[in-house]
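Novice: Mind looking over this structure? Questions follow.
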Amino acid sequence: MISGTTGGLVSTLAFYPLELIKTRMQVITSSTTTSVASTVLSSSSSTTTTATLSSSYNSFPKAALLVYRLEGIRGLYQGYF
């Protein structure tokens, strides 16, 4: 039972940021309005536009770095805790 709990915890901590970035990339690149972008990044104080975000989210590593720079490590787990 302990090994199952530990495995689930490690899996969640490792893969949740990947799912978050994947979802943001899908939302930002498919949206054409700034309202969706501002909803996704509501905790951020930046005033970036959808065009800027979609060009920044053109690769997975760049998207991860952008989330980390704008929101810190907590941004990678936003919505989980």
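Novice: Please go through segment 14-32 and pick out each residue that is in a helix (DSSP H, G or I) and free of Cβ contacts under 8 Å to residues at least 40 places away in the same chain.
Specialist: 14, 15, 18, 19, 22, 23, 25, 26, 27, 28, 29, 30
Novice: So in segment 7-37, with the set limited to residues that are within 18 Å of residue 61 (Cβ to Cβ) and hydroxyl-bearing (Ser, Thr, Tyr), which one is modelled with the highest pLDDT?
Specialist: Here the residue is 16.
Novice: Now a separate question. List every residue pair whose Cβ atoms sit under 9 Å apart, with the two residues 6 or more apart in sequence or on different chains, where the first one lies in segment 62-81 and is touching a residue at least 24 places away in the same chain (Cβ under 8 Å) and closer than 10 Å to residue 21 by Cβ and the second, anywhere, is among the aromatic types (Phe, Trp, Tyr) and assigned to a loop (DSSP other than H, G, I, E, B).
Specialist: 63/57
The values are calculated or read from the model by the stated rules, or taken from the named source; none is laboratory data. Because the structure is predicted, anything quoted here is derived from the model rather than measured. No Cβ is skipped: glycine too gets one built from the backbone with ideal geometry, and neighbour counts run over all protein chains shown.
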